[in-house]
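The values are calculated or read from the model by the stated rules, or taken from the named source; none is laboratory data. This is a predicted model, so every value here is computed, not measured. With ideal geometry, Cβ positions are generated from the backbone for all residues, glycine too; neighbour counts draw on all protein chains shown.
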Amino acid sequence: MTGESCDFYCGQILGGLLKVPVYCENEQVFAFHHTNPLWEQHVVLLPKRHVESLITLEEADNELLLELMRTARTIAADFMDRFGGCRVYTNLGEYQSSKHLHWHIGCGRQLRPY
């Protein structure tokens, strides 16, 4: 299996096997409300095309990275307006449970340990 066919986000989320509450999407990115959130408000943002992580992005991925950042900014601004603050981050290496680039945007009370 390739990285694309076996990672959780390509196989389950983008493949449509696991239905999730959609926050927003366009041709390049998909954002959904986390189904097992760490915080009271928790959205996951990912590219629709398989990219392993932030550090595997290449020069040809600049437009995708800009779209991810535009969307993260929009979600973060929404959280700031509605809740007064938020966190935006991505994990790498051993901290990255699914090898598909994704950003967590969350706020509110922590609901479970990391």
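When you look at Glu58, is it touching a strand residue (DSSP E or B) at 6+ places or on another chain (Cβ under 8 Å) and among the acidic types (Asp, Glu), yes or no?
No: the conditions fail for Glu58.
Across region 74-114, which residue is nearest to Pro37 (Cα to Cα) among those that are assigned to a strand (DSSP E or B) and among the small types (Gly, Ala, Ser)?
Per the criteria, the residue is Gly106.
Under the condition of being of a type in the set (D, E, K, R) and more than 25 Å from Thr74 (Cβ to Cβ), which residue from region 90-114 is surrounded by the fewest Cβ atoms within 10 Å (Cβ to Cβ)?
Filtering region 90-114 for residues that are of a type in the set (D, E, K, R) and more than 25 Å from Thr74 (Cβ to Cβ), the one surrounded by the fewest Cβ atoms within 10 Å (Cβ to Cβ) comes out as Glu94.
Which residue pairs have Cβ atoms closer than 6 Å, lie 6 or more positions apart in sequence or on different chains, and pair a first residue in region 89-112 that is without any contact (Cβ under 8 Å) to a residue 24 or more places away in the chain with a second residue that is not basic (Lys, Arg)?
If the second residue must be not basic (Lys, Arg), the pairs left are Tyr89/His104.
Please verify whether His50 is of a type outside the set (Ser, Thr, Tyr), in contact (Cβ under 8 Å) with a residue 12 or more places away in the chain and assigned to a strand (DSSP E or B), treating the condition exactly as stated.
Criteria not met by His50.
Of the conditions (1) surrounded by fewer than 16 Cβ atoms within 10 Å (Cβ to Cβ); (2) at pLDDT 95 or above, Ala72 satisfies every one except a single condition; which number is it?
With respect to (1) surrounded by fewer than 16 Cβ atoms within 10 Å (Cβ to Cβ); (2) at pLDDT 95 or above, Ala72 is out only on (1).
Give the residues of region 1-29 that are out of contact with any Asp or Glu (no Cβ under 6 Å at 6 or more places or on another chain), assigned to a loop (DSSP other than H, G, I, E, B), at pLDDT 95 or above and surrounded by 15 or more Cβ atoms within 10 Å (Cβ to Cβ), sorted by residue number.
Scanning region 1-29 gives a single hit, Val20.
Criterion first (in contact with a Gly (Cβ under 6 Å, 6 or more places away or on another chain), of a type in the set (D, E, K, R) and not in a loop (DSSP other than H, G, I, E, B)) does Glu40 satisfy it? Lay out the reasoning, then the answer.
On the way: in contact with a Gly (Cβ under 6 Å, 6 or more places away or on another chain): yes; of a type in the set (D, E, K, R): yes; not in a loop (DSSP other than H, G, I, E, B): yes.
So Glu40 fits the description; yes.
Given the criterion in contact with a Cys (Cβ under 6 Å, 6 or more places away or on another chain) and surrounded by fewer than 19 Cβ atoms within 10 Å (Cβ to Cβ), identify the matching residue among Phe83, Phe79. Explain how you work it out, then say what you get.
On the way: Phe79 fails: surrounded by fewer than 19 Cβ atoms within 10 Å (Cβ to Cβ).
Phe83 is the lone residue from the list that is in contact with a Cys (Cβ under 6 Å, 6 or more places away or on another chain) and surrounded by fewer than 19 Cβ atoms within 10 Å (Cβ to Cβ).
Quickly run through region 30-51 and pick out the residues that are crowded, with 20+ Cβ neighbours inside 10 Å and of a type in the set (A, V, I, L, M).
Scanning region 30-51 gives Ala31, Val43, Val44, Leu45, Leu46, Val51.
Here's the yes/no breakdown for (1) over 10 Å from the mean Cα position of the chain (by Cα); (2) at pLDDT 95 or above; (3) on the phi < 0 side of the Ramachandran plot:
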{"site": "Val43", "(1), (2), (3)": "no, yes, yes"}
{"site": "Pro47", "(1), (2), (3)": "no, yes, yes"}
{"site": "Ile55", "(1), (2), (3)": "yes, yes, yes"}
{"site": "Asn62", "(1), (2), (3)": "yes, yes, yes"}
{"site": "Ala76", "(1), (2), (3)": "yes, yes, yes"}
{"site": "Tyr95", "(1), (2), (3)": "yes, no, yes"}
{"site": "His100", "(1), (2), (3)": "no, yes, yes"}
{"site": "Arg112", "(1), (2), (3)": "yes, no, yes"}
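Name every residue in region 63-73 that is farther than 18 Å from Pro37 by Cβ and not β-branched (Val, Ile, Thr), in order of residue number. Give the derivation first.
As a first pass, look at region 63-73 and keep what is farther than 18 Å from Pro37 by Cβ: 63-71, 73.
The answer is Glu63, Leu64, Leu65, Leu66, Glu67, Leu68, Met69, Arg70, Arg73.
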